[in-house]
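*Asks:* Below is a structure I'd like to ask you about.
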Amino acid sequence: MEVSRHRVEFASSQRYTLIAMQKPALRLALSLISCIALTSAAFPSSAQKPIGDGQLQFANLGVCKLVSGKQIDNCRLGYRTWGVLNAAHSNAILFPTWFSGTSAQLAAEVGPNKLVDPTKYFIVTIDALGDGVSSSPSNSTSQHGPLFPAITIHDMVNAEYRLATETLHLTHVHAVMGISMGGFQTFEWMVDYPTFMDQAIPIVGSPRPTTRDLLLYRTDADAIKTDPAFHNGFYTQPPAAPVAELIWQLNLTTPANFEHTHSPAVFKADYKKWSTLGILPFDANDWIAQLEACIHQDIGHGGTLRAAARRVKAKVMVVSSAQDHMVYPQPALSFAWFLKAKTLVLRGDCGHIAYGCEASKLDPAVHAFLNTN
């Protein structure tokens, strides 16, 4: 989601997170939601390599085989790096994007006084499949629009593992972490590649959506699919789908927080913007692709979450928001209980975007956890 476009992991740039929000936009609005051990040959030591500048790069993976049996042709992932890999190759952090978010937006979370510190860690932010930067319905030439195969969170993580191991030549990372849909991916990472990381930090994510989550996500998908400009995905001009954006905004935060941040004048201006721009600039087919991936999220792969928890080897800290209307927190907290994992419950009234509103609580907790062995 994005707040202003920090959506919920389903949000968009500000819509955020599920989703995907962008914290700088959020923090600004509220004044109003790898990590890889490269070989030294592929990546110089910290004495040789200057701190990464976060420029967009691409990993060309060829064919990405999907869990459905289908494949993405000419598959590639966008990514950015900050910091340097230490001599022991033990300080990489993988940080995949939230819903409808991009690695450029995650830059707002990177800094000495932010969520992750590039002076201590080699940080890799990764554009998840379907975000319009990595392979997506909107940018595929051979599988454009509705011809793009359906993807899952599992598929996103499989592609990210290939980026880490094949492109960056990492064999192990210090941590995997993510916000909203990035949290969904973090849960998937810890189950699918349990020995690849020392730590995992899913933030306002879920190992499996609840029925209430599904009601929201499916309603939002229907709002796009029934938009007159959608044309079953075969459009030449990306539709704004304003109803989908309004649904997102309605659930991004709590009624109390919305009332606090939206005077009548602010509401009038924002409503006009949401009703006009809708989900733009995010592409409608991309939105549907990532939303369907969240809908079908299940780290149990058909089994129980308790059984999935037995696969986890990493040290885990689960971060949830008690008043999250986008991603109901109970599945994440239940999974943490199975793991006997550390938890941080943000209890303010910001809802899904609590990770931005309560950064003064979240950031120090993440820093302390990352510093533990």
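The values are calculated or read from the model by the stated rules, or taken from the named source; none is laboratory data. Not measured: the values here are computed from a predicted model. Using ideal geometry, Cβ is built from the backbone for each residue, glycine included, and neighbour counts are taken over all protein chains shown.
*Asks:* Just checking, does the stretch 303-326 include any residue being in contact with a Lys or Arg (Cβ under 6 Å, 6 or more places away or on another chain) and more than 22 Å from R218 (Cα to Cα)?
*Replies:* Looking through the stretch 303-326, at least one residue is in contact with a Lys or Arg (Cβ under 6 Å, 6 or more places away or on another chain) and more than 22 Å from R218 (Cα to Cα).
*Asks:* Here's a follow-up. Looking only at the stretch 210-224, decide whether some residue is among the small types (G, A, S), at pLDDT 95 or above, under 25 Å from Y355 (Cβ atoms) and surrounded by fewer than 14 Cβ atoms within 10 Å (Cβ to Cβ).
*Replies:* no
*Asks:* Name the helices (runs of 4 or more DSSP H) wholly inside the stretch 228-338 in which the number of residues that are more than 30 Å from W189 (Cβ to Cβ) is 2 or more. Before the answer, list the steps.
*Replies:* On the way: elements: 242-252, 255-261, 264-277, 284-295, 305-309.
Result: 242-252, 255-261, 264-277.
*Asks:* Can you tell me which residue among A307, A284 is of a type in the set (A, V, I, L, M, F, W, C), surrounded by fewer than 23 Cβ atoms within 10 Å (Cβ to Cβ) and under 24 Å from D155 (Cβ atoms)?
*Replies:* Exactly one residue qualifies, and that residue is A307.
*Asks:* Only residues that are β-branched (V, I, T) and under 19 Å from the mean Cα position of the chain (by Cα): list them for the stretch 294-339, please.
*Replies:* Once the filter is applied, which keeps residues that are β-branched (V, I, T) and under 19 Å from the mean Cα position of the chain (by Cα), the stretch 294-339 yields I295, I299, V316, V318, V319, V327.
*Asks:* Any idea which of I224, I247, I201 is under 30 Å from A314 (Cβ atoms) and among the hydrophobic types (A, V, I, L, M, F, W, C)?
*Replies:* After applying the criteria, what remains is I201.
*Asks:* Which one is nearest to the chain's Cα centre (by Cα), of the residues in the stretch 115-126 that are in a loop (DSSP other than H, G, I, E, B) and not basic (K, R)?
*Replies:* Applying the filter and picking the extreme gives L115.
*Asks:* Suppose we filter the stretch 356-372 for residues that are outside any loop (DSSP other than H, G, I, E, B) and surrounded by fewer than 18 Cβ atoms within 10 Å (Cβ to Cβ); how many remain?
*Replies:* Residues in the stretch 356-372 being outside any loop (DSSP other than H, G, I, E, B) and surrounded by fewer than 18 Cβ atoms within 10 Å (Cβ to Cβ): 6 in total.
*Asks:* Of these, G130, G183, G145, which one is closer than 30 Å to N373 by Cβ, small (G, A, S) and touching a Phe, Trp or Tyr at 6+ places or on another chain (Cβ under 9 Å)?
*Replies:* Going through G130, G183, G145 in turn, the sole match is G183.
*Asks:* For the subset of the stretch 34-82 comprising residues that are aromatic (F, W, Y) and at pLDDT 50 or above, which member is surrounded by the fewest Cβ atoms within 10 Å (Cβ to Cβ)?
*Replies:* Checking each candidate, the answer is F58.
*Asks:* Please state which of the following conditions S180 fails to meet, knowing it meets all the rest: (1) surrounded by fewer than 24 Cβ atoms within 10 Å (Cβ to Cβ); (2) at pLDDT 95 or above.
*Replies:* (1)
*Asks:* Still on this model: Just to be sure, is L129 within 18 Å of T165 (Cα to Cα) and assigned to a loop (DSSP other than H, G, I, E, B)? Talk me through it step by step, then tell me what you get.
*Replies:* Details: within 18 Å of T165 (Cα to Cα): yes; assigned to a loop (DSSP other than H, G, I, E, B): yes.
So L129 fits the description; yes.
*Asks:* Filter the stretch 188-224 down to the residues that are closer than 21 Å to R347 by Cβ and not in a loop (DSSP other than H, G, I, E, B) and list them by number.
*Replies:* Scanning the stretch 188-224 gives I201, P202, I203, R212, D213.
*Asks:* For the stretch 163-177, enumerate the residues that are touching a helix residue (DSSP H, G or I) at 6+ places or on another chain (Cβ under 8 Å) and either within 20 Å of C75 (Cβ to Cβ) or in a loop (DSSP other than H, G, I, E, B) (or both). Step through it out loud before you land on a result.
*Replies:* Within the stretch 163-177, the first condition is being touching a helix residue (DSSP H, G or I) at 6+ places or on another chain (Cβ under 8 Å), and the residues that meet it are 170-171, 173-177.
Result: L170, T171.
*Asks:* Follow-up. Any idea how many residues of the stretch 146-166 are over 16 Å from the mean Cα position of the chain (by Cα) and surrounded by fewer than 19 Cβ atoms within 10 Å (Cβ to Cβ)? Break it down into steps so the answer makes sense when it comes.
*Replies:* Going through the stretch 146-166, the residues over 16 Å from the mean Cα position of the chain (by Cα) turn out to be 146-150, 162-166.
Checking the rest, the ones that are also surrounded by fewer than 19 Cβ atoms within 10 Å (Cβ to Cβ) come to 146-147, 149-150, 162, 165-166.
Selection size over the stretch 146-166: 7.
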